[in-house]
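Read the structure below first, then the notes.
What follows draws every value from the coordinates through simple rules; no lab data is involved. Just so we're clear, the structure is a prediction, and the values are computed from it rather than from any experiment. As a convention, Cβ positions derive from the backbone with ideal geometry for all residues, glycine included, and neighbour counts pool all protein chains shown.
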Amino acid sequence: MAQERPGAVTMRGNPVTLIGPELKVGDKAPNFTVFEAIGSPVTLDDFKGKIKVFNVIVSVDTPVCDAQTKRFNQEAAGLPGDVEIITVSMDLPFALKRYCSAAGIDRVKTVSDYRDASFGQAYGVLIKEHRLLARAIFVVDRDDTIRHVEYVKEITEHPNYDKALEVLKGLV
């Protein structure tokens with residue numbers, strides 16, 4: 001049975017339960033299986049030897065998630081090729097493809113955790129009450145060690161982009 005963390009974050013001021021562990025700096029990044037397209041799995045091993053930023057959002061169809069994804073897409077332009085920014089949500093792969101096309105998202109990878117909530121449970125961001133992912137950022141080094149974690153306390157608020165980017169730029 002997966003660990004439950006009642007009241008770990010709030011959604012519009014209402015406490016929600018997160019399923020999975022609360023990861024910390026220094027932890028090994030857990031493996032997961034998400035999907036780039038239906039039938040196209042993506043795992044942690046697909047980014048072996050790269051610096052990874054997991055930009056976790058509720059849905060690309062909400063204003064803060066849209067802004068967060070666009071911000072990381074913009075930041076990606078100035079980063080070296082061994083940095084992967086991966087936006088993870090429960091949005092279906094079809095919706096992600098439509099969104100990326102409409103929003104000009106071309107530098108970050110968008111993946112869906114819709115099938116098994118594998119990422120959500122492994123990284124402790126699965127919202128039990130809604131089967132969505134809570135807003136979070138994980139910066140993971142080339143050796144798959146977590147170097148920065150932010151579970152955004154109020155899901156409708158932005159993460160601390162500057163702190164995540166400062167840690168990221170210290171790794172490149």
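Within region 25-171, what percent of beta bridges assigned by DSSP are antiparallel, to the nearest 5? Each step should come with its number before you reach the end.
Numbers: 18 of 28 bridges.
Percentage antiparallel, nearest 5: 65.
What are the principal axis extents of the Cα atoms in region 25-171, in Å, biggest first?
33, 32, 29
Starting from the Cα of Lys24, draw a straight line to each of the aspartates and glutamates and keep only those under 12 Å, dropping any in the same chain fewer than 8 residues away.
Hits, sequence-local ones excluded: Glu150.
GluC sites (Glu not before Pro) within region 74-137: which are DSSP loop residues with at most 16 other Cβ atoms inside 10 Å? Could the numbers behind the result be given before it?
Working: sites: Glu75, Glu84, Glu129; in loops: Glu129.
When the GluC sites (Glu not before Pro) of region 74-137 are filtered for loop state and at most 16 Cβ neighbours within 10 Å, Glu129 remain.
Find how many whole Å separate the alpha carbon centroid of region 20-95 from the alpha carbon centroid of region 118-172.
Taking the Cα centre of region 20-95 as reference, the centre of region 118-172 is 9 Å away.
For Lys48, which aspartates and glutamates qualify as cross-link partners when the Cα separation must be under 19 Å and same-chain residues fewer than eight apart are set aside?
In chain and number order, the partners are Asp27, Glu36, Asp82, Glu84, Asp141, Asp143, Asp144.
With an 8 Å cut-off on Cα pairs and a minimum separation of 6 or more residues, tell me the relative contact order of region 25-171 in percent. Walk me through the numbers on the way to the answer.
On the way: 280 pairs, mean separation 45.1, N = 147.
Here the relative contact order equals 31 percent.
Give the cross-link partners of Lys50 among the lysines, using a straight C-alpha distance below 19 Å as the criterion and excluding same-chain residues fewer than 8 apart.
Within reach: Lys28, Lys109, Lys169.
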